[in-house]
1. Can you find even one residue in segment 195-205 that is assigned to a strand (DSSP E or B), touching a helix residue (DSSP H, G or I) at 6+ places or on another chain (Cβ under 7 Å) and in contact (Cβ under 8 Å) with a residue 60 or more places away in the chain?
2. Scanning for something closer than 27 Å to Ser63 by Cβ, touching a helix residue (DSSP H, G or I) at 6+ places or on another chain (Cβ under 7 Å) and either modelled with pLDDT of 80 or more or of a type outside the set (D, E, K, R) (or both), does segment 264-273 turn up at least one residue?
3. What number goes with the only condition from (1) modelled with pLDDT under 65; (2) surrounded by fewer than 15 Cβ atoms within 10 Å (Cβ to Cβ) that Asn47 does not pass?
4. With open to solvent by 10 Å² or more (accessible area, probe 1.4 Å) and either in contact (Cβ under 8 Å) with a residue 24 or more places away in the chain or under 18 Å from Phe278 (Cα atoms) (or both) as the only criterion, which of Pro178, Pro133, Pro162 stands out?
5. Restricting to segment 422-467, what's the tally of residues that are within 27 Å of Ser402 (Cα to Cα), open to solvent by 50 Å² or more (accessible area, probe 1.4 Å) and of a type in the set (A, V, I, L, M)?
6. For Gly335, are the conditions met, namely being of a type outside the set (Val, Ile, Thr), modelled with pLDDT under 60 and either farther than 23 Å from Lys33 by Cα or crowded, with 16+ Cβ neighbours inside 10 Å (or both)?
7. Select, from Phe136, Phe148, Phe141, Phe153, the only residue that is under 30 Å from Tyr111 (Cα atoms) and over 25 Å from the mean Cα position of the chain (by Cα).
8. Can you confirm whether segment 140-156 contains a residue that is closer than 24 Å to Gly216 by Cα, at pLDDT below 85 and in a loop (DSSP other than H, G, I, E, B)?
Amino acid sequence: MEVKQILHMNKGNGETSYAKNSTVQRKTLSIAKPIIEEAVLQLLGSNVMGIESMGIADLGCSSGLNTLLISQIMDVIHANKLSKVTELRVSLNDLFSNDFNSIFLSLPSFYNKLKQEHYNNGRDPNLFISAVPGSFYGPLFPRKSVHFVHSSFSVHWLSQVPIGLNNKGKIYVSKTSPQCVLDAYSIQFQKDFSVFLRSRAQEIVAGGRMVLSLMGRPSSDPTADEGTFYQFELLGQALMAMVSKGLIEEEKVNSFNIPYYASCVEELELVLEKEGSFSKDRLEAFGVDWDTDGIDLDLNMLERDDQLITSSGQRMANSIRVVTESMLEFHFGKGRKTLSITAPIIENAVLQLLGSNIIGTESMGIADLGCSSGPSTLLLMSQIMDVMHAKRSKVTELSRPSSNPTADEGTFYQFELLAYALMAMVFEGLIEEEKVNSFINLPYYTSCEEELNLVFQKEGSFIEDQLEAFQVDWDTCVDVIIWFNNET
């Protein structure tokens, strides 16, 4: 798994987005705030900051409310009357697939807030924000161009899954993992953290400051109760339960491991000392409540309120989902049910095509219409690239079983629900009714079998080999049609 191409927090602002499920990370920033402020004050009071332009880097910035911690730093700078800093260069870094678009869309309101808080004269702040995509396990910035580096909830992610793991039935370090797995994770972390420090040493000016907040463990034993990350234990158990139900293959679970490592103090200090580029000002450990609502669930409350327990579990599940979903989708796949159902039909078309007299040339043309994107795209291509011909095609589309498009089974109920939701927003005063009335009708239509056959016969270019209907996930039928070109 190429971590830097795959790993990202869930994008957008939906219910399972990182923006909506990163309260733990926000708590960590709040705890670290006085440490960040102290580091900035030390920097401003040193002879390093005799210049007017200050370079700041936030590594592993992700997206959402936690991203723009620059407002904290600006508060410190403006409160310091002796500061000569008049210009801030802020570099937001994360991996290539990070949701940088959401960050940039939030900048106009962020700039307006800064003007109100610090620039009452209407003057624009000399603040220059840019994105620097890429792995922080390597160079990111020009030499000696950064004065302050911050990273929160990021450095515990490894550059890669340790090579050669034999961690069957587990996806991370656990009590039953063999010693070679524990050693491999520790070695990978030490290697990565050394590269991280060496890279930052080239980029930070002499006397600059860096504040890192990362997941750790209190015990030197990674298999101790407080050493393992229990959420990953639960995720591993859930995956093995899916294996027992035949939903995924056991080999898929055995070959999946999380590129993550919670180090102990001794490991951090060992790497800092061996790498040698930085001197440690302070190292603090603190705990955070992973139930992001912050409610104390005592035993009496647990017995009384099942709903509270359920909502707490849902929050915990979402907090893990937002950080692991990108990796799970890549490894186990997503949205492949329809393709698996149609696979035998595709194979049958292949056999007929290869047995016909049209395949007489060395060059074969293949077209995937409406390919969309994601793992399913290449999965389909792998099924058809050696077996399809330009004169044979397969179409999979949503359809309806009834000739009456207004029948219960004829309408696409999800769009009905969307319309109800929009009208409910009108009722709440959130949007104008005229906006809903003028909303362009969706360019979508579920046909019936009769309509398909009618168009098929009138157009006349193809002979129908096979037409099948099946259901997936919702109740709308899907027609699968294989046509053979009528030109012979």
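The values are calculated or read from the model by the stated rules, or taken from the named source; none is laboratory data. Computed from a predicted model, the values in this text were never measured in an experiment. FYI the Cβ positions are ideal-geometry reconstructions off the backbone, even for glycines, and counts take in every protein chain you see. Note: areas computed on protein heavy atoms with side chains; ligands, DNA, RNA excluded. Shrake-Rupley method; radii C 1.70, N 1.55, O 1.52, S 1.80 Å.
1. Yes, segment 195-205 contains at least one residue that is assigned to a strand (DSSP E or B), touching a helix residue (DSSP H, G or I) at 6+ places or on another chain (Cβ under 7 Å) and in contact (Cβ under 8 Å) with a residue 60 or more places away in the chain.
2. no
3. (1)
4. Pro133 is the lone residue from the list that is open to solvent by 10 Å² or more (accessible area, probe 1.4 Å) and either in contact (Cβ under 8 Å) with a residue 24 or more places away in the chain or under 18 Å from Phe278 (Cα atoms) (or both).
5. Result for segment 422-467: 5.
6. So Gly335 fits the description; yes.
7. Going through Phe136, Phe148, Phe141, Phe153 in turn, just one is under 30 Å from Tyr111 (Cα atoms) and over 25 Å from the mean Cα position of the chain (by Cα): Phe148.
8. Among the residues of segment 140-156, at least one is closer than 24 Å to Gly216 by Cα, at pLDDT below 85 and in a loop (DSSP other than H, G, I, E, B), which makes the answer yes.
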